[in-house]
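Below is one structure, written out as structure tokens; comments come after it.
The values are calculated or read from the model by the stated rules, or taken from the named source; none is laboratory data. These numbers were taken from a predicted model, which means no experiment stands behind them. Positions of Cβ are generated from backbone atoms using ideal geometry, with glycine treated the same way; all protein chains shown enter the neighbour counts. Side chains included, ligands, DNA and RNA excluded: accessible areas come from the protein's heavy atoms. Shrake-Rupley method; radii C 1.70, N 1.55, O 1.52, S 1.80 Å.
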Amino acid sequence: MINNSIQWFPGHMHKARKEIEEAIPRIDIIIEVLDARIPFSSENPMIRRIRKDKLVIKVLNKRDLADPEMTALWLAHLEKEQGVKAIAITTNEISEVNKIMELCQKLVPHRTDMGKQIRTMIMGIPNVGKSTIINTLIGRVVAKTGNQPAVTRQQQRINLPNGIVLSDTPGILWPKVENPHSGFRLAATGAVKDTAMEYDEVAFYTVEYLAKAYPEQLKKRYQIESLPTNDVELMEAIGEKRGCLRSGGRIDLHKASEILINDLRNGALGPITLEHPEMITKELLEVEEEISRKTEEKIKTKEERRKRYLRNKR
Ligand SMILES: Nc1nc2c(ncn2[C@@H]2O[C@H](COP(=O)(O)OP(=O)(O)OP(=O)(O)O)[C@@H](O)[C@H]2O)c(=O)[nH]1
Ligand SMILES: [Mg+2]
């Protein structure tokens with residue numbers, strides 16, 4: 001069904017990853033910013049590996065774009081992990097952003113009691129809102145933000161008046177997104193540069209999920225009375241409603257795909273979450289199976305090559 005996987009790991013991400021690893025020992029709390037619409041797929045596996053027993057606050061940002069019921073499920077799910085606190089926020093509300101700092105002070109009160117600063121580091125994948133969170137906390141623009149991935153290119157330290165030190169870091173992905181579902185969701189929500197994805201494939205994947213999980217929102221947005229059952233017809237129906245026509249009256253599926261993805265990204269479809277905790281277990285199993293299948297295939301090919309070589313030698 002799905003055969004492509006997103007790979008986007010430019011040089012600055014590689015460098016940022018190394019710098020983050022070096023800085024970790026001097027950090028009291030990791031603030032990992034996730035996208036509330038994809039709390040699993042926006043988790044960087046590297047953070048899990050390097051954090052060891054470090055405290056982590058998982059911030060589900062952009063909760064204004066996510067399905068509130070799903071967000072509640074995710075918060076409970078994420079907090080099952082040792083040393084993890086999870087909160088959902090939107091940077092539209094200053095009071096919600098401030099909760100991150102309140103939580104920091106609650107989690108390591110001894111640092112401030114000793115007159116020391118609380119050292120935190122904001123991490124996360126591209127475009128989740130790390131720099132916007134920092135600007136909101138400090139009340140002015142100190143970090144550059146933008147509605148595309150890879151805006152921040154360097155680590156930046158900021159001292160807050162309440163004795164908390166924040167480091168903004170560039171958004172990083174990882175060299176290969178093994179789970180193709182995650183790849184599509186990262187692309188759909190805007191974590192991946194547009195040139196590193198196929199709009200049409202991402203849109204087809206997304207529309208299929210939306211038709212199952214949020215049919216009413218889809219119907220309402222595009223004024224479609226009854227949703228066709230396959231993804232191509234669905235995209236055609238959207239294209240038709242939006243006047244995406246090519247010469248000869250054919251539907252321009254690329255244009256329709258752009259419309260769908262943009263509507264999803266800016267919330268025009270209403271609050272949507274693209275994954276829930278139960279889906280993930282199944283997907284991870286599939287990924288494992290796929291990896292072992294590929295490994296077996298490799299071993300087999302190697303074995304055949306060896307046999308062929310020996311046969312030819314004789
Ligand atoms: N709807 C919504 N948009 C948000 C929220 N927080 C941030 N954004 C938008 O998300 C986009 C990315 O924000 P940034 O702060 O630049 O993201 P970043 O994580 O620093 O991105 P990189 O530096 O590229 O890794 C901007 O267009 C923000 O306005 C939020 O809570 N809700
Ligand atoms: Mg940034």
If you go through segment 142-159 one residue at a time, how many are more than 10 Å from ligand 1 (Cβ to nearest atom), modelled with pLDDT of 85 or more and in contact with a Ser or Thr (Cβ under 9 Å, 6 or more places away or on another chain)? 2
Starting from segment 184-204, keep only residues that are in contact (Cβ under 8 Å) with a residue 40 or more places away in the chain and within 16 Å of V151 (Cα to Cα), then list their pairs with residues that are surrounded by fewer than 24 Cβ atoms within 10 Å (Cβ to Cβ) and of a type in the set (K, R) whose Cβ atoms are within a distance under 7 Å, requiring at least 6 positions of separation or different chains. T189/R265; G190/R265
G239: passes all of (1) of a type outside the set (A, V, I, L, M, F, W, C); (2) within 16 Å of ligand 2 (Cβ to nearest atom); (3) open to solvent by less than 10 Å² (accessible area, probe 1.4 Å) but (2)
Do we have any residue at all in segment 30-41 that's modelled with pLDDT of 95 or more, aromatic (F, W, Y) and either assigned to a loop (DSSP other than H, G, I, E, B) or open to solvent by 50 Å² or more (accessible area, probe 1.4 Å) (or both)? yes
Which one of I134, I125, I94, I89 is within 16 Å of ligand 1 (Cβ to nearest atom), buried (at least 18 other Cβ atoms within 10 Å of the Cβ) and at pLDDT 95 or above? I89
Those residues of segment 68-81 which are open to solvent by 30 Å² or more (accessible area, probe 1.4 Å) and either within 16 Å of ligand 1 (Cβ to nearest atom) or within 23 Å of I94 (Cα to Cα) (or both), in sequence order: P68, E69, M70, A72, L75
Criterion violated by E258 - all others in (1) out of contact with any strand residue (DSSP E or B) (no Cβ under 7 Å at 6 or more places or on another chain); (2) farther than 28 Å from Q7 by Cα; (3) among the acidic types (D, E) satisfied: (2)
Residue that is nearest to ligand 2 (Cβ to nearest atom), among those in segment 78-93 that are within 28 Å of K193 (Cα to Cα) and part of a loop (DSSP other than H, G, I, E, B): T91
For segment 55-77, which residues satisfy the criterion of being more than 16 Å from ligand 2 (Cβ to nearest atom), touching a Ser or Thr at 6+ places or on another chain (Cβ under 8 Å) and assigned to a strand (DSSP E or B)? L60
